[in-house]
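Structure, as structure tokens:
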Amino acid sequence: MSRRTPQLRDHDINPCVVETDASRKCMDDNNYKKDKCTAYFLKYKSCRKFWHDIMMQRKRNGVKPEMPTAEERKKILESMG
């Protein structure tokens, strides 16, 4: 296991753990046929883009930490409906 793996599993660092797991499970379940998992890949890509944009905005505004914690992200999503 690489030293980076625990970071990727940390919900405070990686906001898209659920989407990552879902796309990997889809690949496992479908014998690694990517065309069967397109919806999962799109959800993951959307998640990464959304939180990257938030992170960049916070960086421009001087907010630390740049990536909101898991609890902060939950509040952000709730406020959006």
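The values are calculated or read from the model by the stated rules, or taken from the named source; none is laboratory data. All of these numbers come straight from a predicted model, not from anything done at the bench. With ideal geometry, Cβ positions are generated from the backbone for all residues, glycine too; neighbour counts draw on all protein chains shown. When the accessible area is computed, the model is the full protein with side chains, heavy atoms only, and any ligands, DNA or RNA have been set aside. Shrake-Rupley method; radii C 1.70, N 1.55, O 1.52, S 1.80 Å.
Quick check on my filter: what residues within region 57-69 are surrounded by 11 or more Cβ atoms within 10 Å (Cβ to Cβ), in contact with a helix residue (DSSP H, G or I) (Cβ under 9 Å, 6 or more places away or on another chain) and not β-branched (Val, Ile, Thr)?
Residues satisfying the conditions are 65, 66, 67, 68.
Restricting attention to region 27-53, report how many residues are within 12 Å of the chain's Cα centre (by Cα) and among the hydrophobic types (A, V, I, L, M, F, W, C).
Of the residues in region 27-53, 5 are within 12 Å of the chain's Cα centre (by Cα) and among the hydrophobic types (A, V, I, L, M, F, W, C).
Here is a yes/no grid of residues against (1) among the hydroxyl-bearing types (Ser, Thr, Tyr); (2) touching a Ser or Thr at 6+ places or on another chain (Cβ under 6 Å); (3) open to solvent by less than 80 Å² (accessible area, probe 1.4 Å):
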site	(1), (2), (3)
35	no, no, no
44	yes, yes, no
50	no, no, yes
53	no, no, yes
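Considering each residue of region 22-37, count those that are in a helix (DSSP H, G or I) and more than 20 Å from residue 77 (Cα to Cα), and give that number.
11
Testing residue 13 on (1) part of a loop (DSSP other than H, G, I, E, B); (2) modelled with pLDDT of 95 or more; (3) of a type in the set (A, V, I, L, M, F, W, C), one condition comes back false. Which one is that?
(2)
I need every pair where a residue in region 14-25 that is touching a residue at least 24 places away in the same chain (Cβ under 8 Å) has its Cβ under 7 Å from the Cβ of a residue that is open to solvent by less than 20 Å² (accessible area, probe 1.4 Å), sequence separation at least 6 or different chains.
Matching pairs, first to second residue: 15/47; 15/51; 15/73; 16/47; 16/51; 19/47.
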